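Notes to accompany the following structure.
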Amino acid sequence: MKFKTIIFDLDGVIIDSRSNMRLSWTNTSKKFDLNISFKQYEKYIGLPFKKILIKLGIKKNFLIIEKNYFQQSILNLSKIKLYPSVRKILNDLKKKKISYSIVTSKDKVRSLKIIKKFKIKPKSLHTPNKKLRGKPYPDHINHCILKNKFKKKYTCYVGDTNIDYLASNKAGIKFIFASYGFGVNSRSYKYKIKNFRELKKFI
């Protein structure tokens, strides 16, 4: 299958933010006496942040916990790296006139800082807001497709979790599983990549 447009998740697909997340969550958990390890937190990466807190059994102080985590994440931005071959493959997409966008559960402020830092220039960037439901709902993917006039038949979503798969499936587009990311290969995904370079076989 060859695709003419690609929608990417950000964490675990384009950027390796595990060290940033681990440090940010560890500091946040310690500050608020949550006693929740990063290993527990990591299970829910891909969901909107508030939903992660709820999944972890946290019942209050959502806003201040979220604010602290985001501040820690920005302070430790240097811990975030591009996965190998990302820059080259994104340049290849440009040469082949293949449009790409980003749909992420990461907030707009941090997402903009990251794409600016790494000079990533998607056709559009879609982050959580009050109008659209977050993954696993397909709202942001559908909005991205509608905004950019992408044809679903030739569009795929590249993600690293089952949450990403559910969102793309509900949006009616193909899914490529990035097995090198945060997720667990818990199902038999039809399309997979072991590293970012392998995306070449789909373009």
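The values are calculated or read from the model by the stated rules, or taken from the named source; none is laboratory data. Values in this document were obtained by computation on a predicted structure and should not be read as measured data. With ideal geometry, Cβ positions are generated from the backbone for all residues, glycine too; neighbour counts draw on all protein chains shown. Just the protein is used for accessible areas: all its heavy atoms, side chains included, with ligands, DNA and RNA removed. Shrake-Rupley method; radii C 1.70, N 1.55, O 1.52, S 1.80 Å.
Descriptive notes on the structure:
- Taken over region 110-127, the criterion of being part of a helix (DSSP H, G or I) and in contact with a helix residue (DSSP H, G or I) (Cβ under 9 Å, 6 or more places away or on another chain) is satisfied by R110, K113, I114, K117.
- Applying the condition of being of a type in the set (K, R) and over 24 Å from E42 (Cβ atoms) to region 78-114 and asking which residue is least open to solvent (accessible area, probe 1.4 Å) yields K88.
- Filter result (open to solvent by 10 Å² or more (accessible area, probe 1.4 Å) and aliphatic (A, V, I, L, M)) within region 146-190: L146, I163, L166, I173, V184
- Residue pairs whose Cβ atoms lie under 6 Å apart, sitting 6 or more positions apart in sequence or on different chains, and linking a residue in region 165-179 that is under 22 Å from K194 (Cβ atoms) to a partner that is assigned to a helix (DSSP H, G or I) and open to solvent by 50 Å² or more (accessible area, probe 1.4 Å), are I173/K152; F175/Y165.
- The sole residue among L47, L56, L75, L10 that is open to solvent by 60 Å² or more (accessible area, probe 1.4 Å) and among the aliphatic types (A, V, I, L, M) is L75.
- Just one of the listed residues (S124, S85) is of a type in the set (G, A, S) and over 15 Å from the mean Cα position of the chain (by Cα), and it is S85.
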